[in-house]
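The values are calculated or read from the model by the stated rules, or taken from the named source; none is laboratory data. This is a predicted model, so every value here is computed, not measured. We place every Cβ from the backbone using ideal geometry, glycine too, and count neighbours over all the protein chains shown. We work out accessible area using only protein heavy atoms, side chains counted, and drop any ligands, DNA or RNA first. Shrake-Rupley method; radii C 1.70, N 1.55, O 1.52, S 1.80 Å.
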Amino acid sequence: MEIKIDRDELLGNVSRVQSIIEKKSNMPILSTVLLTAAGEEVTLSATDLELGFRQTIGADVISEGSVTISGRKLFEILKESNQGVFHIKEKENNWVFISDNIARFNLACLPADEYPSFVEPEGVAMVEFDGNIISEMINKTIYSVTMEEAGFKLSGVYTEKVSYGGKNFLRMVSTDGHRLSMIDKSVPSLDSLDLAKGVMIPKKGMSELNKLASEGGQIQIGFKEKNCVVKKGGALLVMRLLEAKFPDYQAVIPKEERVSIEVKRISLLEAMRKMLILSNERYRAVKIALEDDTMELVSTNPDLGEARENIEVVYQGERLETGFNPRYFVDALQAMESEVVSLGFIDNSKPCILRGEADDGFLGLIMPMRV
Amino acid sequence: MKNRNNQLKARAIIHLDMDAFYPSVEALDNPALKGKPVIVGGSRERGVVSSASYEARKFGVHSAQPMATAMRLCPQGIFLPVRMRRYKEVSRQVFEIFYRFTPLVEPLSIDEAFLDVTGSLRLFGQPESIAEKIKRCVLEETGLTVSAGVAPNKFVAKIASDMDKPDGLTIVPSDRVREFLDPLPIEKMWGVGKATREALMRLKVRTFKDLRQMPVKVLEKKFGKYGLKMHQLSMGIDEREVVADHEVKSISHEETFSQDIQDIDAGKKEILRLSNKVAHRARKMQAAGRTITLKVKYSDFRQITRAETLSSPTDDGFEIYSTACRLLRKTAVGMRPVRLLGISLSQLSFHGKESQFSLFDRDEQFKKRKSLNMALDSLYEKHGEDSVRPGTLLEK
């Protein structure tokens, strides 16, 4: 295998697969990328066995074939160069020669035929979506996927088709057990999407999908058996769906709220960030008190001290006081876009409900804390 | 930065080690025991020696020795059970004295601590006079003796406190560290056990001086990182700081049985008991942990540990117990005789009085267990830890 390839294009793609390749794995080959030259194209592949990514790039193919190269090292070599074209050539005994015409690297590589190449599932009904909408949906749900590695049951975004009011919606929901975020978007062409039951898309896959979607333009998505397939331009992403069962989330969405107030999103976000300053492992709660057109936030940490901030709201009901983890508010408010958000309360053991006019189809739930 | 500041001016570290603490407390409570070979430890059949008086040590009795061996070596010895509650009470008194001289007290165990008195010199005088004052206060207020080592760092201070036991006071000024360490046999070094000692012997290293004069490269090649560490220590270099208020990293309980446990049900019973103890202590500390470790020592003293990490922290005895039972399947308990079982809870988080509500149902059961645990805790407080126990743990 021997190619000449545009440095910028290769760098862009090698850079985007850094999050896929395994840094520490007992299979060293998973830390490599596979370059396959055929016709007038080079295909770059990366996989962690759960998720595979492939991108074709136009190149000057001098001779066809495949090599594997450490993904990390290839990235660093490309990054440090300021030349326009790279020359990559396979040599004997799995040595690979890489040069930008100034520096010459000879790298000891692993045999390409040992690369665990993934197969693209056949006969998948691909449906076109607006990349920006998919990206918005992911941004507004991915933050509440559980962070704990052992909490694998919830470590993905639940995706399903729902219909109400005579319309079909694509829905994404995520929860870590303490908070939940959900977004519905009405998208044309949803009918042809083969998604009879909801599926769990792993968090890592969702963030890869988001990278493709956030570039804008149209993106094709399809489901088949245990896989989700995504295509965009010369890129192909195949991910294995999680087999875990998602909890009955509908049952925990409150039917009505007792108190609803409106507050400027940025003011509340900034105030919650300040409350976070005094929170630690042991004391993390912020107390929200509503009374007399004021929303008072108080964070008390016996080890450090106390922080308070008042925000003006419209509220004349009886005093309402509830504790929350301010981190959850920061995450949700950061993902939202509305200038003004509405907060719904029921009592101090039921979730706070977040919505916003410019966050069409979005619903956030945050469970309180006992303080 | 802190380290560097300490490097600039010599530190004054005191290591304090109570002399034969458990037997001394026993002799305090029963003066007839004074001057007698007193041995405090577990059961005669299976237990080990926790601590022996100096009179008993003359017979070759030492801590961690099986009680049976101690009885053979010292048949005239007075063998007493461990009265931990009492020792803790005395220990608290002693530590209160330490805290009068500096807030930088790092407890190593119930009867041993490091003190950094660098900042107390103006207030209390030279380090040696602080050590003398502490010794006097401990003797006057508790009737016990403590040995002290004064040095510019923890490593040298600890060796120094051991030089002149009991009731010792050894001072090693910073310009005499090398002179002090050089002649010492290499076993005095922390971490040097039998295997390392033999390996050092082969290199003809017997004393600190021999070690200090070895080329670092040889030590590094032979012992890796630890070789470098040893070389530093042999020169009396130890930059570890005295860490006050040691963060608790794990909560554990273990039990050596007076008779080997043969069947798995008996093992599970013990695990239930230990799990409840660990959980109770966690709740008392307002802590919960994610990792549960089961320790098993077989009758041939071979020891294994098995651990599992949960998705969220727990302080519930039953959850710890169920996890430990899963771990039990990865051991030979029930197939091989077992001498000791232990449960530990780690990856702790401290939640204070706060608790986060959950969205999903785990809660119904969870809430019930939570209120059950709260009720249990108040009973334990009132009537002691053995007042309530699961039916399976009732003695027949």
- [ ] Considering each of B:SER91, B:SER109 in turn, give the residue that is small (Gly, Ala, Ser) and either surrounded by 14 or more Cβ atoms within 10 Å (Cβ to Cβ) or in contact (Cβ under 8 Å) with a residue 60 or more places away in the chain (or both).
- [x] B:SER91
Open item on the list: Looking at A:PRO254 and the list (1) assigned to a loop (DSSP other than H, G, I, E, B); (2) open to solvent by 50 Å² or more (accessible area, probe 1.4 Å); (3) more than 30 Å from B:PHE350 (Cα to Cα); (4) not small (Gly, Ala, Ser), which single condition is not satisfied?
Closed with: (2)
- [ ] Filter the range B:284-313 down to the residues that are within 24 Å of B:PHE350 (Cβ to Cβ), of a type in the set (Val, Ile, Thr) and open to solvent by less than 40 Å² (accessible area, probe 1.4 Å), then identify the one that is farthest from the other protein chains (Cβ to nearest Cβ).
- [x] B:THR293
TODO: Go through A:GLY222, A:GLY233 for me and flag whichever is farther than 25 Å from A:GLU309 by Cα, open to solvent by 50 Å² or more (accessible area, probe 1.4 Å) and not aliphatic (A, V, I, L, M).
DONE: A:GLY233
Task: Within the range A:1-105, strands (runs of 3 or more DSSP E) holding 3 or more residues that are within 25 Å of A:GLU215 (Cα to Cα) - done: A:32-38, A:41-47, A:51-58
TODO: Taking only the range A:9-26 into account, find how many residues are touching a residue at least 60 places away in the same chain (Cβ under 8 Å) and more than 21 Å from the chain's Cα centre (by Cα).
DONE: 2
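Can you tell me which residue is farthest from A:THR175 (Cα to Cα) among those in the range A:298-332 that are assigned to a strand (DSSP E or B) and open to solvent by less than 10 Å² (accessible area, probe 1.4 Å)?
Checking each candidate, the answer is A:ASN301.
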Task: Of the criteria (1) away from chain A (no Cβ under 14 Å); (2) within 24 Å of B:PHE350 (Cα to Cα); (3) part of a helix (DSSP H, G or I), which one B:THR323 fails - done: (1)
Task: For B:ARG281: the one exception among (1) open to solvent by 50 Å² or more (accessible area, probe 1.4 Å); (2) modelled with pLDDT of 90 or more; (3) in a helix (DSSP H, G or I); (4) away from chain A (no Cβ under 14 Å) - done: (2)
- [ ] Tell me which of these B:GLY35 doesn't satisfy, since it passes every other one: (1) surrounded by 14 or more Cβ atoms within 10 Å (Cβ to Cβ); (2) out of contact with any strand residue (DSSP E or B) (no Cβ under 9 Å at 6 or more places or on another chain); (3) closer than 23 Å to B:GLY143 by Cα.
- [x] (1)
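Given the options A:THR68, A:THR43, name the one that is touching a Lys or Arg at 6+ places or on another chain (Cβ under 8 Å) and hydroxyl-bearing (Ser, Thr, Tyr).
It is A:THR43.
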Open item on the list: For the range A:124-141, check the following and say yes or no: at least one residue is within 14 Å of chain B (Cβ to nearest Cβ) and either assigned to a strand (DSSP E or B) or aliphatic (A, V, I, L, M) (or both).
Closed with: no
Open item on the list: Can you pull out every residue in the range B:332-358 that is within 14 Å of chain A (Cβ to nearest Cβ), crowded, with 19+ Cβ neighbours inside 10 Å and within 14 Å of B:ALA279 (Cα to Cα)?
Closed with: B:LEU348
Task: Residue tally, condition more than 17 Å from A:THR141 (Cα to Cα), within 13 Å of chain B (Cβ to nearest Cβ) and charged (D, E, K, R), over the range A:312-371 - done: 3
Open item on the list: Given the criterion loosely packed, with under 14 Cβ neighbours inside 10 Å and either over 23 Å from A:LEU180 (Cβ atoms) or within 25 Å of the chain's Cα centre (by Cα) (or both), identify the matching residue among A:ALA289, A:ALA335, A:ALA358.
Closed with: A:ALA358
TODO: Answer yes or no as to whether A:ILE353 is surrounded by fewer than 21 Cβ atoms within 10 Å (Cβ to Cβ), in contact with a Pro (Cβ under 7 Å, 6 or more places away or on another chain) and not in a helix (DSSP H, G or I).
DONE: yes
Open item on the list: Need the failing condition index for B:GLN213 against (1) of a type in the set (S, T, N, Q); (2) open to solvent by 60 Å² or more (accessible area, probe 1.4 Å); (3) assigned by TED's automatic domain parsing to the domain that holds B:GLU308, just the number.
Closed with: (3)
Task: Lone qualifier among A:GLU262, A:GLU256 - being modelled with pLDDT under 90 and more than 14 Å from chain B (Cβ to nearest Cβ) - done: A:GLU256
Task: Among (1) basic (Lys, Arg); (2) more than 29 Å from B:ALA56 (Cα to Cα); (3) open to solvent by less than 50 Å² (accessible area, probe 1.4 Å) - the single one B:ARG100 does not satisfy - done: (3)
Task: Answer residue from the range A:104-150, given it is farther than 23 Å from A:LYS232 by Cβ and polar (S, T, N, Q) and is surrounded by the fewest Cβ atoms within 10 Å (Cβ to Cβ) among those - done: A:ASN106
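Each row is one residue, and each column tells you yes or no for (1) open to solvent by 20 Å² or more (accessible area, probe 1.4 Å); (2) away from chain B (no Cβ under 14 Å); (3) in contact with a strand residue (DSSP E or B) (Cβ under 7 Å, 6 or more places away or on another chain).
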site: A:VAL157; (1), (2), (3): no, yes, yes
site: A:GLY165; (1), (2), (3): yes, yes, no
site: A:LEU180; (1), (2), (3): no, no, yes
site: A:LEU195; (1), (2), (3): no, yes, yes
site: A:LYS204; (1), (2), (3): yes, yes, yes
site: A:ALA213; (1), (2), (3): no, yes, yes
site: A:GLN218; (1), (2), (3): yes, yes, yes
